[in-house]
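The structure under discussion appears below in the form of C-alpha cells.
The values are calculated or read from the model by the stated rules, or taken from the named source; none is laboratory data. Since we're looking at a predicted model, the values are computed, not measured. Positions of Cβ are backbone-derived with ideal geometry, glycine not excepted, and every protein chain shown enters the neighbour counts. Each accessible area value is taken on the protein alone, full model and side chains, heavy atoms only, with ligands, DNA and RNA left out. Shrake-Rupley method; radii C 1.70, N 1.55, O 1.52, S 1.80 Å.
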Amino acid sequence: MSRPYRVLENSALQTRRAFGVLFVAVSAAVGAGSVLSELAATNSMSAYWYAVIWGGSFGAVLAAAGPRFRKAIPAIRGRMKNSIKWSTSAKAINGISWAGPFAAISAFPSLYQYLILLGIGLGNLSTYIMMRKYSGQNNTEQLLVGAISLVALPVAFVIDSSLFATHQDVAVMVSRILIAIAYAVGGAYALLSRR
C-alpha cells in the first residue's frame, strides 16, 4: 500500500472515530437527560429544572469526553465542510430533511417526540446520501443513526399508544431513549470500525 493512500485512509478513519466520539457523547447526554427529565416530571418540578437537566447532561458528557472531543473537533469540521461543495438543490433537500420535521413541531406539538425521531432519521439519512453522492464518502455511522431513528418511529408509536397511552411523559422518554440507542449504535460502529 502506498504511503499517500495510507495517509488518506488514516485520515478517513480518524474522521470516522471523531464522529464516533460525538455520537456516543450525544447518546449519553440524551439518555441521561431523558431519565432525569422523567424524574423531574414525576416529582412535579418546575420547567426551570428541565433546562438545567438538559444543559447539565450535555455539559457533563462533553466535559467527561473533553480531551477526546477536543481532538475530534477538527475532523468533524472537516467532514462538514464537504457540504459547501454540494449543489444548491442538494443543500436545500438536506436542510429541509433536518429542519422540516423540527419546524413542524410548532404546528403539531402533540407529535413532537415522533417529529424529533423523523428529523434525526431523515436528516442523517439525507446527509449520508449527499456525502456519498457529492463527496464520495461512505459514512455508515450516519446511515445507521438515520435508519434506526426511522425504524424507531413506528416502534415508538406502538409502544406509546399501547403501553403508555395514559402516561405521555413516559412515552416521550421512550422516544428519547430510542434516539440515544440510534446514536449509540452509530457511535459504536464508528469507534470500532477499522476502515
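Across segment 1-36, the qualifying residues are those that are open to solvent by 30 Å² or more (accessible area, probe 1.4 Å) and of a type in the set (Ser, Thr, Tyr), and the one among them that is modelled with the lowest pLDDT is 5. All conditions in (1) basic (Lys, Arg); (2) touching a residue at least 12 places away in the same chain (Cβ under 8 Å); (3) open to solvent by 50 Å² or more (accessible area, probe 1.4 Å); (4) under 18 Å from residue 186 (Cβ atoms) hold for residue 132, with the sole exception of (2). Scanning segment 63-86 for residues that are among the small types (Gly, Ala, Ser), buried (at least 20 other Cβ atoms within 10 Å of the Cβ) and either at pLDDT 95 or above or not in a helix (DSSP H, G or I) (or both) turns up nothing. Residues in segment 151-195 that are over 26 Å from residue 42 (Cα atoms) and at pLDDT below 90 were compared, and the one that is surrounded by the most Cβ atoms within 10 Å (Cβ to Cβ) is 193.
For segment 32-72, the tally of residues that are within 26 Å of residue 14 (Cβ to Cβ) and small (Gly, Ala, Ser) stands at 7. Residues that are of a type in the set (Val, Ile, Thr), surrounded by 15 or more Cβ atoms within 10 Å (Cβ to Cβ) and under 14 Å from the mean Cα position of the chain (by Cα) do occur in segment 97-118, at least one of them. Candidates in segment 37-62 are the residues that are among the small types (Gly, Ala, Ser) and in contact (Cβ under 8 Å) with a residue 60 or more places away in the chain; of these, the one that is most open to solvent (accessible area, probe 1.4 Å) is 41. Cβ-Cβ under 7 Å, sequence separation 6+ or interchain: first residue in segment 166-195 and under 14 Å from residue 16 (Cα atoms), partner modelled with pLDDT under 95 and among the basic types (Lys, Arg). Which pairs? If the second residue must be modelled with pLDDT under 95 and among the basic types (Lys, Arg), the pairs left are 190/16; 190/17; 191/17; 193/16.
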